[in-house]
Amino acid sequence: MKTFIEIIAIAIMVVASQMAFGQSKEKTLLRTEQLAARLELNDTQKAQLDKEFKANEEARKQRAEKYRALREEMKRDAFVERQAQHERLKEILTPEQLEKLKTMKPEGQRRGKARFQDRRGERMDRARIEQFRKRRPMMYKQRMERLKEMKEKEEGGGN
């Protein structure tokens, strides 16, 4: 049963990847045809444009793969560094201190999640977070105006 599920999963992945690859070819062809209609291109220009779009698409895919590999390498490096740091902490701290540190870590992790809490300590829902994000530029502008006014008052009073 397990092998059957694995085979089905692999088959689905293969079909999905073929569909994605086919879509990118169709996209370049569609872009070429759209530009050809707008710019009134001849057949050689269409062929050259399509070739350029396909080359750009391939270059983009290669860059994406390169960045994906780089990201994975960075994750591995960070993991190794965390392990090394943990080993160095083991040398410095006593076992009791290590246990206390382990209990302290979840508190620090929660601190990052508390970022979007209102003044009452309640979690903000998505709508309120969006309201806050939309108001932020306006609040920044008002703050800059107040600072400018204060600076002008200081300059005017100091002369």
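Numbers below:
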read-out: Any chance residue 39 is open to solvent by less than 100 Å² (accessible area, probe 1.4 Å) and at negative phi; value: no
read-out: Residue within the stretch 92-108 that is at pLDDT 85 or above, surrounded by 10 or more Cβ atoms within 10 Å (Cβ to Cβ) and not in a helix (DSSP H, G or I) present; value: yes
read-out: From the options 35, 29, residue that is modelled with pLDDT under 80, touching a helix residue (DSSP H, G or I) at 6+ places or on another chain (Cβ under 9 Å), assigned to a helix (DSSP H, G or I) and more than 18 Å from residue 59 (Cα to Cα); value: 35
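The values are calculated or read from the model by the stated rules, or taken from the named source; none is laboratory data. Nothing here was measured: the structure is a model prediction, and the numbers come from that model. Backbone-built Cβ (ideal geometry, glycine too); neighbour counts: all protein chains shown. Protein only, heavy atoms only, side chains kept; ligands, DNA and RNA dropped before computing areas. Shrake-Rupley method; radii C 1.70, N 1.55, O 1.52, S 1.80 Å.
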